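Data first, discussion second: the structure below is written as structure tokens.
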Amino acid sequence: MSSDRVTIQDIAFELGVSTATVSNVINGKTKKISDETISLVERKLEEMGYLPRQARIMMGKNPSRLVGLIINDHEKYEGHPLEDGYMSKLVNSLAIESERRGLLLIVKLATRIDDVPLLASLWNMSAVMVQGFCEVDYQYLKNQMHRPLIIFDGFFPANDSYVNLEVDNYQGGVVAGEYLRKMGHSRVLCLSDNNICLDALRFQGLCSIIPQSNLMIIPKLKKERESFYKSNLDEILKYSAVFAVSDYYALDLIRNLQASGVKIPQDISVLGFDDTAISADTFPPLTTIRQDCEKRASIAFDLIYELERDINLRKVVSLPVEVVERETVKKI
């Protein structure tokens, strides 16, 4: 064992805090720790080059480079972000592609954007991919980190200073609208938990094809949505079809409608977005807009190599989408 390896005890001694405090900051257990102490510990960890034991073990067994995927543990996931259909599909695709390229992928969750540079430093990540944050967060990362940064699905309407790998959200809405119009639907309701950024683009694309479409903002939390759908059932059934901005919300809607005796697609059609694994196995199987996570993963690693050659690279890559027709949209 190297005698100059930095330990938690070393960090604690330098700062005059307990080893438990340092350990809690490293592991994200910071509810009872002041922001000032968190910042002091984080700076000292990076300054002294502390490397977690797990990272030392991983790099000892496999000298391949570590690439990090850091996901925003948003409240809408209710503590289960990796169980989200899209997230699990993304992680699976990235894991397979990293294995193919002889790299190590490490997946971490973060609730605060300032956790990301710390995680990247602690784990000695050669590159970082981030999902689910917003523009001000990405600007912070750009200023704080000096390593390849790939942003998934960033929303930068007037800023092209990042490497952003996105699905073409507006075109996704267009494709949804064209398909629903082809199936005879002109009264379409779009479901989303917000009216900004990516979901707003999907709704705008839908409206470009079916101008009379309406948007319904739904609660982020599952229990609240159950009550919401019961209260708004009559309003929902005024439409012949619903376009949900994710498969998760589409399947959640179907479950709630079926619990109220509504038949899909006989009484109302439902179209999702993502083509997650479970969408083909539900009853009825979900018709959806597919985004290609395998292609996303391959391009992401190509972009990392490009950034290693030119850290100032600025690039936006928009991935195409397509309809996957199953059984939740009927022709009228």
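Scan segment 276-332 for residues that are charged (D, E, K, R) and farther than 30 Å from residue 147 by Cβ and jot them down.
We begin by selecting, within segment 276-332, every residue charged (D, E, K, R); these are 281, 290, 292, 294-296, 302, 306, 308-310, 314-315, 322, 325-327, 330-331.
Once the filter is applied, which keeps residues that are charged (D, E, K, R) and farther than 30 Å from residue 147 by Cβ, segment 276-332 yields 281, 290, 322, 325, 326, 327, 330, 331.
Can you name the residue in segment 280-313 that is acidic (Asp, Glu) and outside any helix (DSSP H, G or I) and, of all such residues, is surrounded by the most Cβ atoms within 10 Å (Cβ to Cβ)? Steps first, please.
Pass one, segment 280-313, residues acidic (Asp, Glu): 281, 292, 294, 302, 306, 308, 310.
Remaining after also requiring outside any helix (DSSP H, G or I): 281, 292, 310.
Values: 281: 9, 292: 16, 310: 10.
In this case the residue turns out to be 292.
Of the residues 270, 316, 262, which single one is part of a strand (DSSP E or B) and assigned by TED's automatic domain parsing to the domain that holds residue 173? Steps first, answer last, please.
Details: 316 fails: assigned by TED's automatic domain parsing to the domain that holds residue 173; 262 fails: part of a strand (DSSP E or B).
Of 270, 316, 262, the one residue that is part of a strand (DSSP E or B) and assigned by TED's automatic domain parsing to the domain that holds residue 173 is 270.
Restricting the search to segment 241-274, which residues are within 17 Å of residue 325 (Cα to Cα) and of a type in the set (S, T, N, Q)?
Passing the criteria: 246, 266, 269.
Looking at segment 88-112, I want the residues that are more than 14 Å from residue 73 (Cα to Cα) and in contact (Cβ under 8 Å) with a residue 60 or more places away in the chain and have a partner that is among the hydroxyl-bearing types (Ser, Thr, Tyr) and buried (at least 18 other Cβ atoms within 10 Å of the Cβ) with Cβ atoms under 9 Å, at least 6 apart or on another chain. Which pairs are those?
Within 9 Å, the pairs are 89/276.
In segment 282-332, what count of residues is obtained for those that are in contact with a Pro (Cβ under 9 Å, 6 or more places away or on another chain), among the aliphatic types (A, V, I, L, M) and more than 27 Å from residue 186 (Cα to Cα)?
Adding up the residues that qualify gives 5.
Could you check segment 1-61 for helices (runs of 4 or more DSSP H) lying wholly inside it with 2 or more residues that are modelled with pLDDT of 85 or more and over 26 Å from residue 105 (Cα atoms)? Don't jump to the end; show me each part of the working.
Numbers: elements: 8-15, 19-26, 35-48, 53-61.
The qualifying helices (runs of 4 or more DSSP H) are 8-15, 19-26, 35-48.
Quick one: which strands (runs of 3 or more DSSP E) sit completely within segment 119-230 and have at least 2 residues that are of a type in the set (A, V, I, L, M), over 16 Å from residue 69 (Cα atoms) and not assigned by TED's automatic domain parsing to the domain that holds residue 65?
Working: elements: 127-131, 149-152, 163-167, 188-192, 214-217.
By residue number, 188-192, 214-217.
Exactly one of these conditions fails for residue 277: (1) crowded, with 23+ Cβ neighbours inside 10 Å; (2) in contact with a Gly (Cβ under 9 Å, 6 or more places away or on another chain); (3) in contact (Cβ under 8 Å) with a residue 60 or more places away in the chain. Give me its number.
Here residue 277 clears every test but (1).
Read through the list (1) aliphatic (A, V, I, L, M); (2) in the same structural domain as residue 151 (by TED's automatic domain parsing); (3) at pLDDT below 95, then give the number of the only condition that residue 303 fails.
(3)
Hey, among the residues in segment 85-100 that are surrounded by fewer than 18 Cβ atoms within 10 Å (Cβ to Cβ) and charged (D, E, K, R), which one's nearest to residue 129 (Cα to Cα)?
To start, the set of residues in segment 85-100 that are surrounded by fewer than 18 Cβ atoms within 10 Å (Cβ to Cβ) comprises 88, 92, 95-96, 99-100.
Going one step further and asking which of them are charged (D, E, K, R), we end up with 99-100.
Details: 99: 16, 100: 18 Å.
The selected residue is 99.
In this structure, does residue 260 turn out to be crowded, with 18+ Cβ neighbours inside 10 Å and either modelled with pLDDT under 95 or small (Gly, Ala, Ser) (or both)?
Against the criterion (crowded, with 18+ Cβ neighbours inside 10 Å and either modelled with pLDDT under 95 or small (Gly, Ala, Ser) (or both)), residue 260 does not qualify.
Taking segment 82-110 only, how many residues are over 18 Å from residue 280 (Cβ atoms) and in contact with a Ser or Thr (Cβ under 8 Å, 6 or more places away or on another chain)?
Residues of segment 82-110 that are over 18 Å from residue 280 (Cβ atoms), as a first pass: 82, 91, 94-110.
Narrowing the set further to residues that are in contact with a Ser or Thr (Cβ under 8 Å, 6 or more places away or on another chain) leaves 82, 97, 102-105.
The number of residues fulfilling the criteria is 6.
The values are calculated or read from the model by the stated rules, or taken from the named source; none is laboratory data. Source: prediction; values computed, not measured. Quick reminder, even Gly has a Cβ in these numbers, built from the backbone with ideal geometry, and neighbours come from all protein chains shown.
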